[in-house]
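The values are calculated or read from the model by the stated rules, or taken from the named source; none is laboratory data. Predicted model only: the values in this text are computed from it and were never measured. Here Cβ is always computed from backbone atoms with ideal geometry, including for glycine, and neighbour counts include all displayed protein chains. These accessible areas exclude ligands, DNA and RNA; they are computed on the full protein's heavy atoms, side chains included. Shrake-Rupley method; radii C 1.70, N 1.55, O 1.52, S 1.80 Å.
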Amino acid sequence: MTRRTLFTLIALASGLALVSYWIGQQSYSWMPVQASAEAILVDNLFSFMVAIASFIVLGVTGTLLYSVLFQRASRYDISDGPALEGNLKLEIVWTAIPLVLVVWIGTYSYQTYNRMSILGSGGSLHVGMPTAMANEIGASPEASAPIEVRSRQWAWEFYYPDRDVTSTELHLPVNQRAQLQLTSEDVLHGFYVPAFRVKQDIIPGRAIAFEFTPIREGRYRLRDSEYSGTYFATNQTHVVVESLKSYQQWLAAAAAQPLTPAENVAYQEFKAAIEKPMSLGWSRIVPAAAPLANYSSSESDSHE
Amino acid sequence: MSDATLTALPKTEQPHPGAPDNWKRFFTFSTDHKVIGIQYIVTAFFFFLIGGLLAMVMRGELITPAADLVDRTVYNGLFTMHGTIMLFMWTFPFLNGLANYLVPLMIGARDMAFPKLNAVAFWMVPVFGVILMASFLVPGGPSQSGWWAYPPVSLQNPTGNLINGQLLWLVAVALSGISSILGAVNIVTTIVRMRALGLGWFRMPVFVWAVMSAQIIQLFGLPALTAGAVMLLFDLAVGTSFFNPAGGGDPVLYQHFFWFYSHPAVYVIILPIFGVFSEVFPVHARKPLFGYPFVAVSSLVITGLSGVVWVHHMFASGTPDWMRMLFMFSTMLISVPTGVKVFAWVATVWGGKIQLTTPMLFALGGLVMFLFAGVTGIMLASAPFDIHVNNTYFVVGHFHYVIYGAAVMGAYAAIYHWFPKMTGHMYYEGLGKLHFALTFIGANLNFFPMHPLGLQGMPRRVASYDPEFAFWNVIASIGGFILGLSTLPFILNILSSWVQGKKAPNNPWRAIGLEWLVSSPPPHENFAEIPVVVSGPYGYGSNEPLVELAESKAAE
């Protein structure tokens, strides 16, 4: 390799690295708002992976494109290219590079995962246990019973055991470690709030402990992430993150309300479908009746 | 290379000895691996079109946020059948067909090791195809539980009938597993036992290496899937509780059975396509495959690693932390042998005398899309990020970049590359290029938007969605319709050139490889005399002879 080629290569790689870093920085804007402490960690990891990915994709695609544009055989040229069968040094280098990258990405992911400590793996609950994450953001974990998240075909129901309140909208105080206990009455569901970057499958017959820390006030979408049958797409609701004061006010107001049937899209659609004389659909699973709640969310509410 | 080899013709009585001279032959229980190969390929393509039509109805539904084009139950049936058909009726049968056609020719064998078993394995395909399609007609319609049929949803049977869509689905998938196991036994045996004299492991084309590696996965993985399907069938039909939580079963156990096979299954699909890339690039860039032994062995490394990746589909499924971390690293490791291949292909193309024929365009396009799929694959292996995007459109986008971007584009590259050999006719280059342009544009428009949708949190398998997802969905749907349209020039090209295309020479690409030494289409039993291989498969530019005739060997 001449000095000139080496210089060109280094210049190209540096330029590419700068562009890749810039794309990595853009990646933050491809995500929903960062409404939890976990979101910050995940987005940093994602930005890092996007930068590396951009370097690889642009580098390889650029090389291929250069070949295709400038190394074409002319029309009547039927000769062969140089009979290069390999280069051991080069092959060792390009086996080592992905290996190093994998270890790097894997280690970073491992650290991120540890810092998130979202639980979710088993049935055991660590109620009120202070976690590294909560300490980092200065949140004060409260020793209260976890909010019970009950999922079914197709409604979300949140039960606050301390106040005996049932709601179809999840309310959480900001900057406090949220502690949930996830259960399902029928099939697999998935607890997923994109703005929090957290997700957990809910498995019937298990109570799954789940934790995260909301850090931004607002109203966010909660979606079912595990396919759950006929009205799966309608199984959505809202999470409201608010100050501790308004959270307590909301909880007190809800406790004063009687239980009433909540709005439920799946149930409404099902009733409309069976009232129609001719249905073109295939067999449908009968949804559970609209849940009874002290406080219900409305589908028409906006979200971020 | 001796002229006698090029003109070697078999001594048989048939007018066009063994070559598929009559369309009726394709409807017989033929034991000729070439007939079976084309039977597989054409059957698979027929189902590809059906699966594609289902996808276009889905993209029609998703062009607006509301569930307004089809009923939700119909949408659920559509995505279930789309996935099932595309995997079990299109990619696996197509790749089996390609391997069937090419492997004996490439290793200098007269047929597969077990020709009758081969025919039985093929004829199971239309049988379970009909069973699967019949589920559209039973009361209640086809399965609506998604292609992975997770219980308990797959055990919910609102019709109450014993014969329902889910039952037919399970029978078809179990039969498909059995057929593929038969095929795998046959292909692996053929490669291990029936190579021509002199064709040592490191003189074997990479396609053969890749097919062998893929079929080994079938041998250890498919029994798990088939067992899982049979157990689910018992749960559904006779009320056992292997997976039913209502009776004390564990639905997560099914996920282990399912993914133990179904993630490696992606390598069953992509490895032969890597083989296709490795055959197409050297020929159309006129250079030897760079780092051939590394590329060959990396296929087996992928096979080995593929056994320890399945849990990454279950990062959000109540999986213990240690398992999440272990499978995160093992999944990421797959990118090392894969990276070796990608770099080798780039080095093969680099500095070559590139001819942008249709197969070369499809291989290049497939490589670029695979590269994109590869980097999003590493992201998905990273457990903390995967927790955010799994079960969203990010995964759907990644998966379709692998399966459409790389595998289907690679399949088209293979069809165009070996079409002259299979049919004895040349395809029309202009139509081929039009096909490529529409496919490449359509695929990227269709599948790229799925990534931002997933990052924003749009779940997969939804018939309706929040209005903020509308923009990218419209783009994706337009891409989907272009993709549907792209098959028309292909069908036109294949049909018309098969019937009246220019006669193909034996070796239109001046390629090196045993399959190019026989006539186009190859005669019955391929080789009048089994050639003796004297050098490696990619000697472009070095002008080494590939074979010696047995006769000249004896005369020495």
Handout entry: Portion, in percent, of the accessible area of the stretch A:136-241 that falls on carbon or sulfur, probe 1.4 Å
Key = 39 percent
Handout entry: Ratio of the Cα radius of gyration of the protein assembly as shown to 2.2 N^0.38 Å, where N counts its residues
Key = 0.99
Fill in the blank from the handout: XL table B:LYS34/B:LYS287; B:LYS287/B:LYS502; B:LYS34/B:LYS341; B:LYS287/B:LYS433; B:LYS34/B:LYS116; Cα-Cα > 21 Å flagged, in table order, is B:LYS34/B:LYS287; B:LYS287/B:LYS502; B:LYS34/B:LYS341; B:LYS287/B:LYS433
Practice task
Highest first, please rank the peptides B:25-37, A:94-106 by the mean number of other Cβ atoms sitting within 10 Å of their residues.
Solution key: B:25-37, A:94-106
Exercise for the section: Starting from the Cα of A:LYS245, draw a straight line to each of the lysines and keep only those under 30 Å, dropping any in the same chain fewer than 8 residues away. Expected result: A:LYS199
Practice task
Please get the size of the charge dipole for the stretch B:28-199, origin at its Cα centre, with Cβ charges of +1 on Lys and Arg and -1 on Asp and Glu, quoted in debye to the nearest 20.
Solution key: 540 debye
Handout entry: With Cα atoms, 0 to 90° folded angle of helix B:251-262 axis to chain B main axis
Key = 20 degrees
Completion exercise
Buried accessible area between B and A, both sides, 1.4 Å probe, in Å² rounded to 100, is 7900 Å²
Exercise for the section: Could you name every residue in the stretch B:380-419 that has 50 Å² or more less accessible surface in the full protein assembly than in its own chain alone (probe 1.4 Å, ligands and nucleic acids excluded)? Expected result: B:PRO384, B:PHE385, B:ILE387, B:HIS388, B:ASN391
Exercise for the section: Could you work out how far helix A:88-116 tilts from the main Cα principal axis of chain A, as a 0 to 90 degree angle to the nearest 10? Expected result: 20 degrees
Handout entry: Rg(Cα)/(2.2 N^0.38 Å) for the stretch A:174-280, N = residue count
Key = 1.28
Exercise for the section: Let me have the relative contact order for the stretch B:28-199, percent, based on Cα pairs under 8 Å that are six or more residues apart. Expected result: 30 percent
Practice task
Give the share of C-alpha pairs in each 10 angstrom bin for the stretch A:34-74, from 0 to the last occupied bin, in whole percents, shortest bins first.
Solution key: 26, 27, 21, 14, 9, 3
Problem - Separation in nanometres of the label points that stand 7 Å from Cα toward Cβ, at A:VAL100 and A:ALA273 - result: 5.6 nm
Problem - Environment charge of B:PHE79, counting only residues whose C-beta is closer than 12 Å and scoring Lys/Arg +1, Asp/Glu -1 - result: +3
Problem - Reciprocal of mean inverse Cα separation for the stretch B:28-199 (Kirkwood radius, Å) - result: 17.3 Å
Exercise for the section: Take every residue in peptide A:1-9, count the Cβ atoms of other chains within 10 Å of its Cβ, and give the average of those counts. Expected result: 0
Exercise for the section: Let me know the Kirkwood hydrodynamic radius for the stretch B:260-303, please, with Cα pairs as the basis and the value in Å to one decimal. Expected result: 11.4 Å
Problem - the stretch B:270-398, accessible surface, carbon-and-sulfur percent (1.4 angstrom probe) - result: 81 percent
Exercise for the section: Could you tell me which of B:VAL188, B:LEU49, B:ILE36 has its Cα farthest along the dipole of the stretch B:28-199 towards the positive end, charges placed at Cβ (Lys, Arg +1; Asp, Glu -1), taken about the Cα centre? Expected result: B:VAL188
Practice task
Give me the compactness ratio for the stretch A:1-83, meaning the Cα radius of gyration over 2.2 N^0.38 Å.
Solution key: 1.62
Fill in the blank from the handout: With +1 at each Lys and Arg Cβ and -1 at each Asp and Glu Cβ, the charge dipole magnitude of the protein assembly as shown around its Cα centre, to the nearest 20 debye, comes out at 1860 debye
Handout entry: Amide hydrogen neighbours beyond the local backbone of A:ALA178, cut-off 5 Å, H modeled
Key = A:PHE212, A:THR213
Problem - Signed unit charges on C-beta, dipole axis of the protein assembly as shown, positive-most listed residue B:ALA229, B:SER306, B:ASN161 - result: B:SER306
Handout entry: Heavy-atom accessible area per residue - the stretch B:28-199, 1.4 Å, Å²
Key = 29 Å²
Completion exercise
Of the residues A:LEU244, B:ALA470, B:SER278, the Cα lying farthest along the dipole of the protein assembly as shown towards its positive end, which is defined by charges on the beta carbon of Lys, Arg, Asp and Glu, belongs to B:SER278
Handout entry: Helix B:92-107 vs. chain B, principal-axis angle (Cα, 0 to 90°, nearest 10)
Key = 20 degrees
Practice task
Quick one: which residues, 5 or more positions from A:ILE202 or on another chain, have an amide H under 5 Å from its amide H? H modelled 1.01 Å from N in the peptide plane, none for Pro or chain starts.
Solution key: A:HIS189, A:GLY190, A:PHE191
Handout entry: Threshold 30 Å², the stretch A:225-258 residues less accessible with all protein chains present than alone (1.4 Å probe)
Key = A:SER225, A:GLU226, A:TYR227, A:THR230, A:PHE232, A:ALA233
Problem - Hydrodynamic radius by Kirkwood, which averages 1/r over all alpha carbon pairs of the stretch A:157-204, in angstrom - result: 12.2 Å
Practice task
Pop out the carbon and sulfur fraction of the accessible area of the stretch B:28-199 as a percent, whole number, probe 1.4 Å.
Solution key: 75 percent
Problem - Stokes-Einstein translational diffusion, chain A - Kirkwood Rh over all Cα pairs, 0.890 mPa s, 25 °C, in µm²/s - result: 106 µm²/s
Completion exercise
If exposed means trypsin sites (Lys or Arg not before Pro) lying in a DSSP loop and surrounded by at most 15 other beta carbons within 10 Å, then the longest stretch of chain A lacking such sites spans residues A:164-304
Handout entry: Alpha-carbon Debye profile of the stretch B:208-352, log10 I(q)/I(0) at 0.10, 0.13, 0.15, 0.20 Å⁻¹
Key = -0.45, -0.66, -0.80, -1.12
Completion exercise
Averaged over the residues of B:338-348, the number of partner chain Cβ atoms within 10 Å of each residue's own Cβ comes to 5
Fill in the blank from the handout: Residues whose modelled amide H sits under 5 Å from the amide H of A:ALA293, counting only those 5 or more places away in sequence or on another chain, are A:THR260, A:ALA262
Practice task
Using only the C-alpha atoms of the stretch B:347-448, find the volume of their convex hull and express it per residue in Å³.
Solution key: 110 Å³
Handout entry: 10 Å Cβ neighbours from other chains, averaged over peptide A:56-64
Key = 5
Problem - Proportion of all alpha-carbon pairs of chain B beyond 37 Å (%) - result: 29 percent
